[in-house]
Amino acid sequence: MNARSPGADVTQAEPPMNLLRLWWTAVVRPGRAFAEVGRRPAPLWAFTVILAFNLLISLTTTLGRVLGGGEVLLPSWLTFLPDDRYLLAELFFLPAVRMATWLLGAAVVYLGARLAGRPADMDRLLQVGGVVYLVVMPYTFAVDWTTLAFGAFGMGLIVYVHGVVDLVWSVALQVVGLRVLLGLPAGLALGLTLLSTLFTLPLLMIFAR
């Protein structure tokens, strides 16, 4: 008897999950959620999800910091953009930067998989990022909006809450996604995920303030 793949219980005959159900499935049974996403238009589904969340970040968290007179968490590294104008500018450019890191991270994994002699599909790799956003961002918003409301948004929050919880959760989800959608072994999936993080995280650290 053949072993079943992680997403074998998702068949083409089943109707697609709505977004809320897909989010809950991704939280409790990520393997099944990735199998479900594998049936959706790629990479259009992931592009839509990631763009929507990044615009929502600007229109809620970043805008809330601007209207509340918040300051940048770290001094600007861009000499042409001083600290007192940085948050307002970030409203517009940070979504593009985050979209670029999504593409860069998938490209690093694609190249690594090919160099390791494994098949890779760029469209499916981009879908993995969509699921990661779908799962992690609601938690991120809950933390950000709560701390903004109580005036507690600060560098410690970013480092300890987002930097640890978000990062670890995102890495774990991506490993599952690479195993389900590309069939990569766990060790290679983890290694490529960490490698892509090494390329994308510094880019976010330069621009996100």
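The values are calculated or read from the model by the stated rules, or taken from the named source; none is laboratory data. Just so it is clear, the structure is predicted and the values come from calculations on it, not from any experiment. We place every Cβ from the backbone using ideal geometry, glycine too, and count neighbours over all the protein chains shown.
Residues in region 99-116 that are closer than 15 Å to G183 by Cα and part of a helix (DSSP H, G or I): V109, Y110, G112, A113, R114. Taking region 59-82 as the range and being without any contact (Cβ under 8 Å) to a residue 40 or more places away in the chain, part of a helix (DSSP H, G or I) and either farther than 24 Å from T146 by Cα or within 25 Å of the chain's Cα centre (by Cα) (or both) as the test, the residues that pass are L59, T62, L63, V66. Residue-level check: of (1) farther than 27 Å from F199 by Cβ; (2) under 20 Å from the mean Cα position of the chain (by Cα); (3) at pLDDT 90 or above; (4) not charged (D, E, K, R), V97 misses just (1). The C-beta contact set for region 135-159 (first residue of a type in the set (D, E, K, R), second residue surrounded by 11 or more Cβ atoms within 10 Å (Cβ to Cβ) and part of a helix (DSSP H, G or I), distance under 7 angstrom, 6+ apart or interchain) comprises D144/T61.
The single condition among (1) at positive phi; (2) buried (at least 17 other Cβ atoms within 10 Å of the Cβ); (3) of a type in the set (G, A, S) that G151 does not satisfy is (2). Taking region 38-52 as the range and being part of a helix (DSSP H, G or I) and more than 14 Å from L19 (Cβ to Cβ) as the test, the residues that pass are L44, F47, L51.
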